[in-house]
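Here is the structure we will look at.
The values are calculated or read from the model by the stated rules, or taken from the named source; none is laboratory data. The structure displayed is predicted, hence computed values, not measured ones. FYI the Cβ positions are ideal-geometry reconstructions off the backbone, even for glycines, and counts take in every protein chain you see. Accessible surface areas use protein heavy atoms only, side chains included; no ligands, DNA or RNA. Shrake-Rupley method; radii C 1.70, N 1.55, O 1.52, S 1.80 Å.
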Amino acid sequence: MSEKYLRQQNLVLLPPEQPKYTTRDWDANNRRQNVFSLEQQALADRVISESERLIDETKHTTEESKSEVDFRLKERIEDIQFRRDELQQQKKDAHIEEEALKVYKRRTIDAINTLREIAVPLCQKCIVLREKRQGADLVNDGVDRELRKELDVTEGGIALLEKVLEQCVEQIRRLRATIYLLDRDLADKDRSIKIDAKNLELRPNQMELKIYAGRVPLDPYNSTDEEWIMVTNKNIEATAKEINSAQPLRSYIDQLLRQVAEDIRTQVERTNAAFRERVSEMRYTKIKLENVHKETVRQVNELTRTVTRLEREIAEKEGYVALAQTRLANRSTRPGIELCRDNVYEGLKRELAALRETIAKLDGSLVKSKATLRYLLNTQVMQEEEINLKTESLRIDEVDCITMRESFKFQSF
């Protein structure tokens with residue numbers, strides 16, 4: 001029969017009978033389940049007791065670990081702050097030394113500019129002005145030698161100052177490099193302090209905390225604590241070394257500035273003394289020449305008057321000659337026996353001879369006087385030219401050079 005037919009006949013199809021346990025099996029199964037339950041309950045009690053013990057133990061251990069880590073964090077923060085304070089002190093000292101070196105750099109630059117823009121052109125201008133002397137006054141005297149020595153001393157001082165300026169600039173650069181390393185180290189330490197301070201404030205029950213599930217390790221450490229200390233000590237030692245190098249350099253620059261100023265000042269005084277001595281010599285020589293010139297002028301005037309007197313005397317004597325000759329000519333017209341050599345004739349002859357001799361002497365004296373007058377006039381002209389040369393040389397030395405040099409007040413750098 002099919003199942004459809006059975007349903008139509010309201011008949012129920014029973015399944016085949018299953019194998020069944022016996023009552024003994026049922027009792028045994030109940031006892032076994034009861035024993036298993038009791039064992040599981042006992043196991044659960046043991047697990048609960050062990051878990052409570054473990055919870056208490058781990059809680060204590062965790063709190064101790066956290067307390068130790070907190071203590072280590074505080075200790076680390078204090079250590080970093082101590083190192084940071086040392087770095088800040090070194091940075092402060094380096095900044096002070098840098099500012100001090102900048103002052104000495106400025107002093108050195110001012111000294112170089114003063115010497116190059118004032119002292120050297122002043123000395124060169126004096127040399128050029130003195131080259132305008134003429135004649136015998138264009139002499140290589142003590143002033144020339146001292147001026148050229150002053151120029152050498154000044155240019156030598158400029159060379160020394162430029163060399164030490166390079167050292168100063170390099171030392172400032174080295175200080176700035178160490179300050180840069182200190183700043184970077186300080187920035188790292190400030191960041192480390194903030195990170196550790198933030199870690200110290202964290203609590204395990206904060207909402208934003210979560211278990212890290214990333215793949216990147218949480219301990220990417222680059223160095224050990226000893227290396228960290230060594231790097232900080234290295235920065236401190238490097239800065240201290242540069243500071244110790246800068247201090248003697250400042251002393252050397254200060255000493256060099258004083259020495260250069262003293263050397264140039266000494267040479268300037270020697271040059272000025274040579275100028276004063278030369279001006280005194282020139283003025284003395286000029287006064288002597290003017291006195292000689294006065295005497296020459298007096299002699300020229302005297303000779304001029306002598307020449308005039310000689311010419312007048314010659315003219316007067318020529319009148320006497322004409323008189324004697326006229327008398328002789330008149331007496332030569334005497335008649336006959338009256339034309340004789342009498343005493344008058346002899347007297348006129350002697351007078352005429354004496355007059356001619358006198359005129360010849362006067363002519364000789366006149367020629368000599370005129371020649372001497374020409375020589376004196378030439379001498380007077382030469383003396384006047386020499387006086388003009390001395391006046392010009394005095395003007396160059398006393399008015400141009402000394403006045404210009406006195407306007408420059410040389411001071412220490």
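Could you give the size of the charge dipole of segment 312-397 about its Cα centre, using +1 on the Cβ of each K and R and -1 on the Cβ of each D and E, expressed in debye and rounded to the nearest 20?
Values: 15 positive and 14 negative charges, 108 e Å.
With Lys and Arg at +1 and Asp and Glu at -1, about 520 debye.
Can you pull the one-decimal nm distance between simple spin-label points at Val367 and Glu262, each 7 Å off the Cα toward Cβ?
7.5 nm
What does the charge count near Glu242 come to, summing +1 for each Lys or Arg and -1 for each Asp or Glu among other residues with Cβ under 13 Å from its Cβ? Can you show the working numbers first?
On the way: positive: Lys91, Arg173, Arg174, Arg176, Lys234, Lys241, Arg250; negative: Asp93, Glu97, Glu98, Glu170, Glu237.
Combined, the nearby Lys, Arg, Asp and Glu give +2.
Please report the spacing between the Cα centers of segment 48-115 and segment 139-204 in Å, no decimals.
Between the Cα centres of segment 48-115 and segment 139-204 lies a distance of 27 Å.
Note down the accessible area of Val307, probe 1.4 Å, to the nearest 10 Å².
10 Å²
Under the definition of Cα pairs under 8 Å and six or more residues apart, what whole-number percent is the relative contact order of segment 96-167?
Numbers: 25 pairs, mean separation 33.4, N = 72.
Relative CO of segment 96-167 lands at 46 percent.
If you take every residue apart from Ala159 with its C-beta less than 14 Å away from the C-beta of Ala159, what net charge results, scoring Lys and Arg +1 and Asp and Glu -1? Kindly include the intermediate steps, with their values, before the conclusion.
Values: positive: Arg116, Lys163; negative: Asp152, Glu155, Glu162, Glu166, Asp263.
That works out to -3.
Can you tell me, using C-alpha contacts under 8 Å and at least 6 residues apart, the relative contact order of segment 273-376 as a whole percent? The partial results should precede the final answer.
Working: 41 pairs, mean separation 45.7, N = 104.
It comes to 44 percent, rounded to a whole number.
Span-like helices, the chain: DSSP H, alpha-carbon axial extent 20 Å or more, mean Kyte-Doolittle -1.0 or greater, which ones?
Values: long enough: 23-114 (128 Å, -1.29); 142-201 (86 Å, -0.47); 225-331 (154 Å, -0.80); 343-394 (73 Å, -0.35).
Sorted by number, the helices that extend far enough and score high enough are 142-201, 225-331, 343-394.
Determine, from the Cβ-Cβ distance of Arg341 and Lys288 and an R0 of 60 Å, the FRET efficiency 1/(1 + (r/R0)^6), rounded to the nearest 0.05.
Working: r = 64 Å, r/R0 = 1.07.
With R0 = 60 Å, the Cβ-Cβ based efficiency is 0.40.
Give me the dipole magnitude in Debye, nearest 20, for segment 288-361 about the Cα centre, with unit charges on the beta carbon: positive for Lys and Arg, negative for Asp and Glu.
Working: 15 positive and 12 negative charges, 8 e Å.
For segment 288-361, the charge dipole is close to 40 debye.
What accessible area, in Å² to the nearest ten, does a 1.4 Å probe give for Ile55?
We get 100 Å² for Ile55.
How much accessible area per residue does the chain have, counting only protein heavy atoms and a probe of 1.4 Å, in square angstrom? Please report the intermediate quantities before stating the final value.
Working: 28950 Å² over 413 residues.
With all protein chains present, the chain gives 70 Å² per residue.
For the chain, with a Gaussian network of springs between Cα atoms less than 10 Å apart, report the residue from Arg331, Arg145, Arg278 with the top mean-square fluctuation.
Arg331
Most fluctuating residue of Lys66, Lys125, Lys149 in a GNM of the chain with Cα springs under 10 Å: which is it?
Its mean-square fluctuation being the largest, the pick is Lys66.
Calculate what fraction, in whole %, of the accessible area of the chain sits on carbon and sulfur atoms when a 1.4 Å probe is rolled over the protein chains. Provide the component values of the computation, followed by the final result.
On the way: 15640 of 28950 Å².
Carbon with sulfur: 54 percent of the solvent-accessible area.
Are there trypsin sites (Lys or Arg not before Pro) in segment 152-211 that DSSP puts in a loop and that have at most 13 other Cβ atoms within 10 Å, and which ones? Please list the in-between numbers first.
Numbers: sites: Lys163, Arg173, Arg174, Arg176, Arg184, Lys189, Arg191, Lys194, Lys198, Lys210; in loops: Lys210.
In loop regions of segment 152-211 (DSSP not H, G, I, E or B), the sparsely surrounded trypsin sites (Lys or Arg not before Pro) are Lys210.
Loop by DSSP (not H, G, I, E, B), at most 16 other beta-carbon atoms within 10 Å: where is the longest site-free stretch of the chain for GluC sites (Glu not before Pro)? Walk me through the numbers on the way to the answer.
Numbers: sites that count: Glu17, Glu131, Glu208.
The longest uninterrupted stretch comes out as 209-413.
Hey, quick one: spin label on Asp183, modelled 7 Å out along Cα-Cβ, who in segment 80-95 has an amide N within reach, i.e. under 17 Å?
The answer is 87-95.
Kindly identify the chain as rounded, prolate or oblate by the Cα gyration tensor criterion: order the square roots of the eigenvalues as a ≥ b ≥ c, call it rounded if a/c is under 1.5, otherwise compare a/b with b/c, prolate if a/b is larger, else oblate. Walk me through the numbers before you get to the answer.
Working: a/c = 12.30, a/b = 5.76, b/c = 2.14.
Taking the square roots of the gyration eigenvalues as a ≥ b ≥ c, the chain is prolate.
Treat every Asp and Glu Cβ in the chain as -1 and every Lys and Arg Cβ as +1, leave all other atoms uncharged, and give the resulting dipole magnitude about the Cα centre to the nearest 20 debye. Numbers along the way, then the final one.
Details: 73 positive and 76 negative charges, 539 e Å.
Roughly 2580 debye for the chain.
Let me know the shape class of segment 69-174, please: from the alpha-carbon gyration tensor, a ≥ b ≥ c as square roots of the eigenvalues, rounded when a/c is under 1.5, otherwise prolate if a/b is greater than b/c, or oblate.
Values: a/c = 8.57, a/b = 6.57, b/c = 1.30.
It comes out prolate by the Cα gyration axes.
For the chain, what's the relative contact order in percent, using C-alpha pairs closer than 8 Å and at least 6 residues apart?
Working: 226 pairs, mean separation 104.5, N = 413.
Answer for the chain is 25 percent.
Rolling a 1.4 angstrom probe over the protein chains, ignoring ligands and nucleic acids, what is the accessible area of Thr58 in square angstrom, nearest 10?
Thr58 exposes around 60 Å² with every protein chain in place.
Give the shape of segment 222-313 as rounded, prolate or oblate, defined through the alpha-carbon gyration tensor: a ≥ b ≥ c are the square roots of its eigenvalues, a/c under 1.5 means rounded, and otherwise the shape is prolate if a/b is larger than b/c and oblate if not.
Verdict is prolate for segment 222-313.
What length, rounded to one decimal in nm, is gained on full extension from Glu99 through to Glu406, with 0.36 nm per residue of separation minus their alpha-carbon distance? Walk me through the numbers before you get to the answer.
On the way: separation 307, 0.36 × 307 = 110.52 nm, distance 3.53 nm.
107.0 nm is the gain from fully extending Glu99 to Glu406.
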